[in-house]
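Following: one structure in structure tokens, then a few remarks.
The values are calculated or read from the model by the stated rules, or taken from the named source; none is laboratory data. Since the model is a prediction, treat every value here as computed from it, not as a measurement. Using ideal geometry, Cβ is built from the backbone for each residue, glycine included, and neighbour counts are taken over all protein chains shown. Only protein heavy atoms, including side chains, enter the accessible area calculation; ligands, DNA and RNA are left aside. Shrake-Rupley method; radii C 1.70, N 1.55, O 1.52, S 1.80 Å.
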Amino acid sequence: MTDTGRAGEERGAVDGATVPATLVDVARAAGVSTATASRAMTGKGKVSDATRRRVQETAAQLDYQPSEAA
């Protein structure tokens, strides 16, 4: 389980329900900024192939699903 940065919450351990991964979670886990993670996930903007792969692999590991509201 990973820390969400929110008091009392951990991914996968909130009242027995899972908390979906956010783009911020993906960025932190991949070691990039949120802006870079966004560019890597959308394919827009300049991101190296290695970084794009790392972000996409991290997103898959965290079962990241983009927000439909975004």
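I want to confirm something. Restricting to the stretch 25-49 and keeping residues that are among the hydrophobic types (A, V, I, L, M, F, W, C) and either open to solvent by 60 Å² or more (accessible area, probe 1.4 Å) or at pLDDT below 75 (or both), which single residue is nearest to Ser67 (Cα to Cα)?
The initial filter retains those residues of the stretch 25-49 that are among the hydrophobic types (A, V, I, L, M, F, W, C), namely 26-27, 29-30, 32, 35, 37, 40-41, 47.
Within this subset, residues satisfying the condition of being either open to solvent by 60 Å² or more (accessible area, probe 1.4 Å) or at pLDDT below 75 (or both) are 29, 41.
On the way: Ala29: 18, Met41: 12 Å.
The residue in question is Met41.
Could you list, in sequence order, the residues of the stretch 45-66 that are among the aliphatic types (A, V, I, L, M) and in contact (Cβ under 8 Å) with a residue 12 or more places away in the chain?
If the condition is that a residue be among the aliphatic types (A, V, I, L, M) and in contact (Cβ under 8 Å) with a residue 12 or more places away in the chain, then Val55, Ala59, Leu62 are the ones that fit.
Considering only residues that are assigned to a loop (DSSP other than H, G, I, E, B) and out of contact with any helix residue (DSSP H, G or I) (no Cβ under 8 Å at 6 or more places or on another chain), look in the stretch 45-66 and name the one that is nearest to Thr22 (Cα to Cα).
Quick first cut of the stretch 45-66, residues assigned to a loop (DSSP other than H, G, I, E, B) only: 45-48, 62-66.
From the residues that got through so far, the ones that are out of contact with any helix residue (DSSP H, G or I) (no Cβ under 8 Å at 6 or more places or on another chain) too are 48, 63, 65.
Details: Ser48: 22, Asp63: 10, Gln65: 8 Å.
Here the residue is Gln65.
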